Each structure stands twice: as C-alpha cells, then as structure tokens.
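Colleague: One structure, as structure tokens, below. Some questions next.
Any read-out appearing in this document is the output of simple, stated calculations on the displayed coordinates, not a laboratory observation. Here the structure is a predicted model, which is why all the values come from computation and not from measurement. No Cβ is skipped: glycine too gets one built from the backbone with ideal geometry, and neighbour counts run over all protein chains shown.
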Amino acid sequence: MLENALYIVPTPIGNLLDITKRAIEVLQQVDVIAAEDTRHSKILLDNLGITPKKLIACHDHNEEQKAQLFANILQEGKAIALISDAGTPLISDPGFKVVRYLSNCNYKVIALPGPCAAITALSVSALATDSFHFMGFLPVKEQELNKTLQTLINKDCVSIFYESPRRILTTVKAIAAIMPQRELVICRELTKTFESVYRYNAADMYEFLQADEMRQKGEFVLIVDKAPNKEQVLDDKIILSLKLLQEKMSLKDACKIVSTIFDINKNILYKEALALKDNFN
Ligand code: SAM
C-alpha cells in the first residue's frame, strides 16, 4: 500500500534492466504517473507491463501549473510518481518546481534511489570521489563557456558535466585550450551497447575524439579532474623545466611559462619554486 505522497522514481539511462523492484511496484500502484514526455515513458511502461491509471505530462514548460494540480491530487489522499525521460528526475531534468511547491505545502515527497548518469560516470571514472561538483550542462555561448571553464583551473574537486554529441568536441577543445594537461574522463553511452570510458589529458582527448567521428556520437558525461594539489606541483619534469628556463630568465617568468605548459596555478608554483630556488643553481 503506497503512502499519500509524491514519489520521485528514477528510470533506466539505457539498459532497461536497471530499474528497481521498488520503482516497478510504485509505478504499478500510484494513481497518477507524471512524466516528462508521456509518449517516451509509455514505451518504458509498456515494456514493464504497466498500464498507468493516469498519465500526465509534466515538463519544463508546465511545471508550475502542474504543481498546483498535483497538490489537489495529493489533497485527495492519492499517490503520484514523477518520472523523467531517463535517470533521476530533477537531475538536469524537470521536477524541481513541483518538489519545491509540494514540500512547501507540506505534502510528503519520497525519493527512490536509482540510475543517474553523473553518479554512474563518477563511480567508473577512477578520479577522486570524495568531493565533486555536478554542474549539469555547460553554457553554449563561447564567452560564458570559457568563463565557467576558468573556474575549474584551481578547483579542488572533480567537476561533472552532461554534454551532447553536437557539442562534445567544441567543449573538449575549449578545455584543452585552457588546461591542456588536465585529466578528463568521458563516459559515453553508459549501460548501452557502445558504452565506453575514455581517459586522457584534455589535449590528447581532443585529438582522440577528432580522430574518429564515432567517438563523438551518443550521450556523454564529462568529468574534469581537480586541480593538481600542492604535493603534485613540483614533480621532476617541472623542476627540470624551471631549472633550464631559469638559466635564461627570472624565476617569476620561468614560473609563468611552466604554469601555462603544465596547467598549474602560477602563484602556487612560484611559492613552491622560491622555497626550492637554491636547488636550481
Ligand atoms: N536525469 C538524468 C540523469 O539522472 O542522469 C539526466 C538527464 S539530462 C537531460 C540527459 C543527459 O544526461 C545527456 O545529454 C547526457 O549528457 C547524460 N546521459 C544520460 N544518459 C546517459 C548515458 N547512458 N550515458 C552517458 N550520458 C548519459
């Protein structure tokens, strides 16, 4: 027996087996299923053998209006399931306004755990998982894109983005221009037939994607590693580069060049290099 609540129900991001028993049970029993795209969700529901009692469209353009309707339905003691086209609703998908409104009206909202492309990608990325920043889709306009990417230069946690096949190459090119050495992980077509995980520094990733158009097709999660930490700053290659450059120029100028080549924070590098200055001579 379901509670009188709005249930947030994650659905598969590719592999139809990735739906929990609890999600199926909720979808079978609710009075109303609110779906981002009813035609799209009908295919999933048919596949699961579920005939919804009532299927209502709830998307970016009608969410506010639907929130009021859902409040009325909950007022009657019923249960509603909210689903999106794929993965977890509200995660770069509609649902926020509905959840906010119903929560503010003190209706019960229950979230089921389940598929989410960002979390699936993070867990396979082999990058640090202790702290991460999910940033949804990057801005499309060049100036805003670069502004957002600049914020990653010194970021102390990994950043996770969603990206489309139309923009993946442009985005990686822009990252490579700012942080050529930064490690990137691209998870393509997760849980699907052509699932792939690519791991390269930004400059190499651009070359790799450009070399084969097939690598630019499908759905993508892009993960940008955090900025190199202090201990990593002065590795052997960097010390050698500083030493050679310092024979021709000031330490400050040498740091400027090395920080650009190795994609490290200039000020941190200079501070570290000053401490080691005697070793360079
Ligand atoms: N709510 C979804 C979730 O929980 O992951 C995300 C919805 S968002 C509109 C769709 C984006 O998620 C795609 O453009 C892609 O960037 C990413 N995505 C979804 N499914 C994916 C998959 N199977 N493999 C890689 N990325 C995926």
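Colleague: Please identify the longest segment of the chain free of exposed GluC sites (Glu not before Pro), where exposed means a DSSP state other than H, G, I, E or B and no more than 13 other Cβ atoms within 10 Å.
Modeller: Details: sites that count: E3, E76, E247.
Within the chain, the longest run free of exposed GluC sites (Glu not before Pro) spans 77-246.
Colleague: Suppose every K and R has +1 on its Cβ and every D and E has -1 on its Cβ; what is the size of the dipole of the stretch 117-224 about the Cα centre, in Debye to the nearest 20?
Modeller: For the stretch 117-224, the charge dipole is close to 200 debye.
Colleague: Remind me, relative contact order of the chain in percent, using alpha carbon pairs under 8 angstrom and six or more residues apart? Don't jump to the answer; show the numbers that get you there.
Modeller: Numbers: 475 pairs, mean separation 46.5, N = 281.
It comes to 17 percent, rounded to a whole number.
Colleague: In the neighborhood of P89, defined by Cβ-to-Cβ distances under 14 Å, what is the net charge if each Lys or Arg adds +1 and each Asp or Glu adds -1?
Modeller: On the way: positive: K66, K97, R100; negative: E36, D37, D60, E63, D85, D93.
That works out to -3.
Colleague: Which is farthest toward the positive dipole end of the stretch 117-224 among A117, G218, F137, measuring Cα position about the Cα centre, with Cβ charges +1 (Lys, Arg) and -1 (Asp, Glu)?
Modeller: After comparing all options, I get F137.
Colleague: So if each residue of separation counts as 0.36 nm, and I subtract the Cα-Cα distance between A128 and D236, what length gain in nm does that give?
Modeller: Additional length available on full extension: 36.6 nm.
Colleague: Can you list, largest first and rounded to whole Å, the semi-axes you get for the stretch 117-224 by taking the square root of 5 times each eigenvalue of its Cα gyration tensor?
Modeller: 19, 17, 13
Colleague: What list do you get for Y206, Y107 if you sort them by fewest beta carbons within 10 Å?
Modeller: Fewest-to-most ranking of Y206, Y107: Y107, Y206.
Colleague: Per DSSP H run of at least 4 residues, take -39500 (n - 2.57); add these up for the chain, divide by its residues and hand me the 222 nm value, nearest 500 deg cm²/dmol.
Modeller: Taking each H run of at least 4 residues, the total per residue is -12000 deg cm²/dmol.
Colleague: Also, I was wondering about something else. Equivalent-ellipsoid semi-axes (√(5λ), Cα gyration tensor) for the stretch 238-281, whole Å, largest first?
Modeller: In descending order, the three semi-axes are 14, 11, 8 Å.
Colleague: Another question, if that's okay. Let me have the relative contact order for the stretch 230-280, percent, based on Cα pairs under 8 Å that are six or more residues apart.
Modeller: On the way: 34 pairs, mean separation 21.1, N = 51.
Relative CO of the stretch 230-280 lands at 41 percent.
Colleague: Over all directions, the average projected area of the alpha-carbon convex hull for the stretch 147-281 comes to how many nm²?
Modeller: Directional mean of the projected Cα hull area for the stretch 147-281 stands at 9.0 nm².
Colleague: Working from the alpha-carbon coordinates of the stretch 1-95, get Rg over Rh, Rh being the Kirkwood radius. Before the final figure, lay out each step's value.
Modeller: Details: Rg = 12.2 Å, Rh = 13.2 Å.
Ratio of gyration radius to Kirkwood radius for the stretch 1-95: 0.93.
Colleague: Using only the Cα atoms of the chain, what semi-axes does the equivalent ellipsoid have when each is the square root of 5 times a gyration tensor eigenvalue? Give whole Å, largest first.
Modeller: 48, 19, 15
Colleague: Under 8 Å for C-alpha pairs, at least 6 residues apart: give me the relative contact order for the stretch 169-236, rounded to a whole percent.
Modeller: Once normalised by length, the contact order is 36 percent.
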